[in-house]
Amino acid sequence: MKHFIVLLVSLIASFPSLAERHQIGLGLGGADLDGRDSDGGFAAQLNYSYQFQPNFAAEIGRIGASGIASSTVSTLLGDTKETIDFSNTYLGMRANYYLLSFVNVYAMGGATYSEVEKSIKVKKTGAKTTDKSDGLGGYIGAGLELVAFDSVGFGLEYRKFFMHDDYKSNSVLLMANIKF
């Protein structure tokens, strides 16, 4: 773990003039939870990538989703509504491959620290019960990006997060990236 932290700090603290490419990305879209019979919710993502080699980059970021409702609990107990919110801080690697000079396909994977909050609210009384948990997990994903002017990219990205307590999340995001 100590070596991993040293690597992360050295990548982030490197001088931009020595770097081949830095990237800041913002994504908006949706997410759900596997195995929980959940409806989708709104998701937002912010990340930073350091491309230390033409085809490989280290990335760090955060994604959060809110408003995910469980259909099972809401249907079985008509006066009850369950919602799930989560956030993941992730750290990993990304492999890029340019099909054309302006079309980039990529795959990524790494480790994640997730925080999950599950709330059950009784509609009649307004009573609310909240259960919070956090832990380590992993993620994988893939994306397609169209690059304009060598400094801006727009694309579509899919990520699957394997969180603690057997939670799994799928997210699909529209991405905007600034490259410098």
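Here are a few things to note about the model shown:
- The condition of being more than 24 Å from residue 154 (Cβ to Cβ) and modelled with pLDDT of 95 or more holds for residue 113.
- Test for residue 62: is it at pLDDT 95 or above, surrounded by fewer than 17 Cβ atoms within 10 Å (Cβ to Cβ) and part of a strand (DSSP E or B): yes
- Verdict on residue 149 being modelled with pLDDT under 95 and at positive phi: yes
- Count - residues of the stretch 44-59 that are assigned to a strand (DSSP E or B) and modelled with pLDDT under 95: 3
The values are calculated or read from the model by the stated rules, or taken from the named source; none is laboratory data. Computed from a predicted model, the values in this text were never measured in an experiment. Please note: Cβ atoms are built from the backbone with ideal geometry, for glycine as well, and neighbour counts cover all protein chains shown.
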